[in-house]
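One structure is given here, and the rest of the page talks about it.
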Amino acid sequence: MVIRDENFDWRSRCPISSALDVLGDKWSLIIIRDLIIYGPRTYSQLLESPERISTNILASRLDSLMCLRLIERENANASSRNNAYKLTEAGAALRPVIEGLGKWADTHLSDFHATIIKMQ
């Protein structure tokens, strides 16, 4: 499935707003984070994330991220059961964004969140 302007609810022509349309919910960022940190993950492994994403939200976000070509199934011809998801080149390009967000949180949220994990 290809997402085109008429199939996706873009709020604005602004690139930042458009990026937030795609990545502005925490679940999409958590999925991308897990794939950056751990590499390919199955649906079940993504469900085990400590943030406890619900099954319907996970399925919805995986579909959206695949449609936007940020992730793909490791084996496109195999059934979805136990088929791992992995980042595409476009998804992997989000690494510096995710790392930058983590570093920002290290610097600016540690006074408010005593148990935050420090980035390396």
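Read-outs throughout are calculated quantities, based only on the coordinates presented, and are distinct from any laboratory measurement. In this text the structure is predicted, and so the values were computed from the model without any measurement. Quick reminder, even Gly has a Cβ in these numbers, built from the backbone with ideal geometry, and neighbours come from all protein chains shown.
Once amide H atoms are placed 1.01 Å from N in the peptide plane, what residues at a sequence separation of 5 or more from residue 71, or on another chain, have their amide H within under 5 Å of its amide H? When sequence neighbours closer than 5 places are left aside, the close amide H contacts are 66, 88.
Arranged from fewest to most other beta-carbon atoms within 10 Å of their beta carbon, 98, 37, 116 become 37, 116, 98. Working from Cα pairs under 8 Å separated by at least six residues, relative contact order for the chain is 22 percent. Relative to the Cα centre, the charge distribution of the chain, modelled as +1 at Lys and Arg Cβ and -1 at Asp and Glu Cβ, gives a dipole magnitude of about 140 debye. Relative to the current alpha-carbon distance between residue 69 and residue 95, full extension at 0.36 nm per residue lengthens the span by 7.8 nm. Between region 91-120 and region 45-66, the alpha-carbon centres lie 21 Å apart.
For the chain, a/c is not less than 1.5, where a ≥ b ≥ c are the root eigenvalues of the C-alpha gyration tensor, and a/b does not top b/c. That puts it in the oblate class. Other residues within the sphere of radius under 11 Å centred on the Cβ of residue 70, judged by their own Cβ, net out at +1 (K and R +1, D and E -1).
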